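*Asks:* Please see the structure below; I have some questions.
Only the coordinates and a few stated rules stand behind these numbers; no lab work does. On a predicted model such as this, the values are computed, not experimentally measured, just so you know. FYI the Cβ positions are ideal-geometry reconstructions off the backbone, even for glycines, and counts take in every protein chain you see.
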Amino acid sequence: LQKTGLSLPSEAQWEYACRAGTRTAFSFGSTLSTSQENCYGALGMTSVVGSLGRNAWGFADMHGNVCEWCADVYSGYPGD
């Protein structure tokens with residue numbers, strides 16, 4: 001990634017993109033269904049890219065399906 005000028009997002013950048021301007025736990029609201037996520041092997045296999053829906057900014061499959069690779073690790077935000 002370094003040679004291409006690309007980098008992984010920080011955890012905070014990934015979450016910002018995932019939530020797409022919402023203030024709820026997920027971009028789709030406070031809860032998720034298996035039509036919106038594939039976390040913890042809920043479907044028993046990976047899903048076809050784009051099949052789990054898009055958030056308000058057009059990003060697909062942000063809740064699960066494969067690991068969200070970030071340049072750092074999750075840590076609590078101020079006030080958590």
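*Asks:* Add +1 for every Lys or Arg and -1 for every Asp or Glu among the other residues with Cβ under 14 Å from the Cβ of SER51, and state the total.
*Replies:* Value of the local net charge: -1.
*Asks:* Taking 0.36 nm per residue of separation and subtracting the Cα-Cα distance, what length does fully extending SER33 through ARG54 add? If you can, show how the numbers build up before the last one.
*Replies:* Numbers: separation 21, 0.36 × 21 = 7.56 nm, distance 1.37 nm.
The span from SER33 to ARG54 would gain 6.2 nm if fully extended.
*Asks:* Starting from the amide H of SER10, placed 1.01 Å from N in the peptide plane, find each other amide H under 5 Å away whose residue is 5 or more places distant or on another chain.
*Replies:* Those lying under 5 Å, H to H, from SER10 are ALA71.
*Asks:* Continuing with this model, one more query. Quick one: Karplus J couplings for the stretch 5-19, per residue in order, coefficients 6.51, -1.76, 1.60, θ = phi - 60°, nearest Hz, x for Gly and Pro?
*Replies:* 3J(HN,Hα) across the stretch 5-19, in whole Hz: x, 8, 8, 6, x, 5, 4, 5, 5, 4, 5, 4, 5, 5, 6.
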